[in-house]
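Written below as structure tokens is the structure these notes are about.
The values are calculated or read from the model by the stated rules, or taken from the named source; none is laboratory data. Not measured: the values here are computed from a predicted model. Don't worry about glycine lacking a Cβ; one is built from the backbone with ideal geometry, like all the others, and counts go over all protein chains shown. Ligands, DNA and RNA are excluded from the accessible area calculation, which covers all protein heavy atoms including side chains. Shrake-Rupley method; radii C 1.70, N 1.55, O 1.52, S 1.80 Å.
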Amino acid sequence: MLPLTVFSSRLFTSMNLVTLCLYAAIGGVFFVLPVQLQIAAGYSALRAGLATLPVTVLMLLLSAPAGGLAQRIGPRLPLTVGPLVTGAGLLLLTRVSPDSSSYVVDVLPAVVVQGLGMSMFVAPLTATVLASVEVDHSGIASGVNNAAARVAQLLVVAALPLAVGLSDQAYRSPHAVDSAFGKAMWICAGLCAVAATLAALLVPSGALLAEPDAAPRAQPECLAHCGFSAPPLEPGSAERPAPPGRGEPAAH
């Protein structure tokens with residue numbers, strides 16, 4: 001089911017390491033942020049859930065243009081800058097505390113910066129993963145990358161509360177939750193920095209640039225992203241009908 005030869009591609013292996021770091025950070029923040037908002041800042045469950053809506057909106061609006069930009073300039077810059085911007089947004093979230101009184105002042109700037117950073121790297125990440133293997137293995141590559149993201153989130157949900165001291169007793173104290181949340185955001189921001197470093201060192205800037213006589217590569221079909229639990233699953237290789245020529249009606 002999983003040909004291990006796909007890991008002979010240095011780029012494919014590198015991108016899955018980047019995925020592990022990034023989605024561990026994302027999974028960590030979206031796990032502990034609602035706890036912080038409800039217990040420390042006094043938000044209702046509904047209000048805490050809606051607090052991160054700007055991230056989804058920004059990804060929906062900006063992920064497709066970010067993917068197009070990566071196709072023109074290469075993926076290294078978006079995969080380096082995007083995680084760093086995301087990490088900056090996570091550090092801004094440390095301003096959320098039991099004394100926070102305004103969503104617009106204390107929460108919104110942080111989630112906007114985080115959403116901008118995620119919009120920069122999600123689409124280029126998927127495109128680079130697909131470009132790192134042969135077309136026949138594009139579906140497998142997408143599945144492995146999606147699995148890496150989900151494993152990262154499962155591990156961080158299990159390990160992060162233990163690492164920052166979120167025990168059963170801590171959940172009852174706003175100040176204990178606030179202290180653990182600050183530590184968690186620094187850990188998640190550190191994971192984003194590690195991902196940016198790996199991308200800067202291991203991802204060639206021309207990975208997505210078309211070259212003459214180059215072997216065909218799979219292209220992402222999911223151009224707009226609004227989910228942040230894992231990269232989108234791309235379909236396996238299949239022959240697509242050629243686009244209609246000039247003057248020919250398109251099929252519906």
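Taking R0 as 30 Å, what FRET efficiency do you get between Leu2 and Leu61 from their Cβ-Cβ distance, rounded to the nearest 0.05? The computed FRET efficiency comes out at 0.30.
When the convex hull of its Cα atoms is viewed from all sides, segment 13-148 shows a mean projected area of 8.3 nm². Take the solvent-accessible surface of the protein heavy atoms, probe 1.4 Å, and return the percent of it on the chain that carbon and sulfur atoms account for. The C+S portion of the solvent-accessible surface of the chain is 66 percent.
Projected over every direction and averaged, the convex hull enclosing the alpha-carbon atoms of the chain yields 15.8 nm².
Rg and Dmax over the alpha-carbon atoms of segment 120-218 stand at 18.9, 63 Å. The mean accessible area for residues of the chain, using a 1.4 Å probe and ignoring ligands and nucleic acids, is 49 Å² per residue. Each other residue within a Cβ distance under 13 Å of Gln36 adds +1 if Lys or Arg and -1 if Asp or Glu, for a net charge of 0. Here, segment 31-96 has an Rg and a Dmax of 15.1, 45 Å when only alpha carbons are counted.
Counting 0.36 nm for each residue step from Val112 to Ser167 and taking away their Cα separation leaves a gain of 16.8 nm. Here r is the Cβ-Cβ distance between Arg47 and Glu221 and R0 is 35 Å; the resulting FRET efficiency, rounded to 0.05, is 0.50. Over segment 1-56, the ratio between the Cα radius of gyration and 2.2 N^0.38 Å evaluates to 1.72.
Computed over segment 76-173, the P(r) curve from all C-alpha pair distances, binned at 10 Å from the origin, holds 14, 27, 35, 17, 6, 1 percent per bin. Segment 1-55 and segment 185-199 have Cα centres lying 12 Å from one another.
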